1. Return the subset of K167/K191; K132/K199; K167/K251; K132/K202; K132/K251; K105/K132 for which the Cα-Cα distance in this structure is over 27 Å, preserving the input order.
2. Only bridges whose two residues both fall in the range 45-118 count here: according to DSSP, what percent of them are antiparallel, nearest 5?
3. Take each uninterrupted DSSP H stretch in the chain, measure its Cα extent along the helix axis, and return the ones at 18 Å or beyond whose mean Kyte-Doolittle hydropathy is at least 0.0.
4. Between W268, Q54, A137, whose Cα lies farthest towards the positive end of the dipole of the chain when Lys and Arg beta carbons carry +1 and Asp and Glu beta carbons carry -1, centred on the Cα centre?
5. Restricting the count to DSSP beta bridges whose residues both fall in the chain, what percent are antiparallel, rounded to a multiple of 5?
6. Please list, ordered by chain and number, the residues whose modelled amide H lies under 5 Å from the amide H of L60; skip anything fewer than 5 residues away on the same chain.
7. Indicate, rounded to the nearest 5 percent, the antiparallel portion of the DSSP beta bridges found entirely in the range 81-229.
8. Once the dipole of the chain is set up with Lys and Arg at +1 and Asp and Glu at -1 on Cβ about the Cα centre, which of L44, V71, A248 lies farthest towards its positive end?
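Nothing in this text is a laboratory measurement; each read-out follows from the coordinates by a stated rule. Given the structure is predicted, the values throughout are model-derived calculations rather than measurements. Methodologically, a virtual Cβ is constructed for each residue, glycine included, from the backbone with ideal geometry; neighbour enumeration extends over all protein chains shown.
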Amino acid sequence: EAKAEGGARVVFFEAAMGDAVRERFRLERELRLAIGENQLRLYLQPQVDAAGLQVGCEALVRWQHPERGLVPPIMFIPLAESSELIVSLDRWMLAEVCRLLAQLKREGHPLRISVNISPRHFRREDFVDEVKRLLAASGADASYLVLEVTEGMVIGDVNDVIAKMNKLKEMGVQFSMDDFGTGYSSLAYLKRLPIHELKIDKGFIQDSTSDSNDAALVETILSVAQHMNLQVVAEGVETQEQADFLNARAKVIHQGYLFGRPEPVDTWLERHRA
Ligand code: C2E
Ligand code: MG
Ligand code: MG
Ligand code: MG
């Protein structure tokens, strides 16, 4: 009798389960297969200096789904981050970026490439060894690899985070603080972390020319970076006005649609060689 009741409950639960939840389960199952089925794609977006010269680029993942088409990260990164799936995904990207770095070096056009690292991945005990292994296996120079981390990484043992970062830094790897200003940023942590770069979140940049509060925030971040001797990347620069606003105030690296959208590695490579 109890069993029948439980069964009825399950049926009831399944019926009440929204389409959204069912869709989420399906997407998670498909994403699990996507890595092995070679459906992930490496995209690159240029980062340019004030003169418009490409000084680096950011690696961004896309999912070439057999039926859904090209799926943007917002549709699957948060989902992947709720499980260990993000570790396999980030690892795939890291390996692709290392291979690309080695190729660029062989071809005589080395360039700095940034890759996003999820907090869950960074916090793994074997993270340092994994990066070391991927660099060695590919023949890439550590000094061209930039790991983009977020403030979310710092929850828990800060000393452990710093120790790991220092090990990687000793190898030549650089760290960039992504989406700066959107998380639980603590300026005290910022001072202790061995990062070399801050990325101003695109939300601040996009309103910097229309909203005085955002303009003030951007100016504050620029000033903090200058005092701490950190390089700055402005994310989401879409208009000349935004670029001018930044250039008038500091030496800033720009990343945004004004200078180039994320594009597949193949076409990016062709342009980079030319
Ligand atoms: P993010 O790391 O902050 O990357 C910058 C995002 O801003 C990218 O979105 C990029 O396409 C977008 N963007 C750049 N310039 C402009 C602009 O001028 N206007 C607008 N509207 N957007 C601009 P994307 O590629 O959709 O990626 C979204 C987020 O997904 C990333 O934000 C990052 O947090 C995450 N992500 C992407 N690839 C990976 C990955 O390989 N691993 C991990 N863990 N996360 C990733
Ligand atoms: Mg990023
Ligand atoms: Mg990010
Ligand atoms: Mg960002």
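1. The pairs that break the limit, which is 27 Å between Cα atoms, are K167/K251; K132/K202; K132/K251.
2. Looking only at bridges with both residues in the range 45-118, the antiparallel portion is about 65 percent.
3. Counting only whole DSSP H runs, the qualifying helices are 2-16, 85-106, 212-227.
4. Farthest along the dipole direction, towards plus: A137.
5. 40 percent
6. Y43, L44, Q45
7. About 0 percent, rounded to the nearest 5.
8. The residue sitting farthest along the positive end of the dipole is L44.
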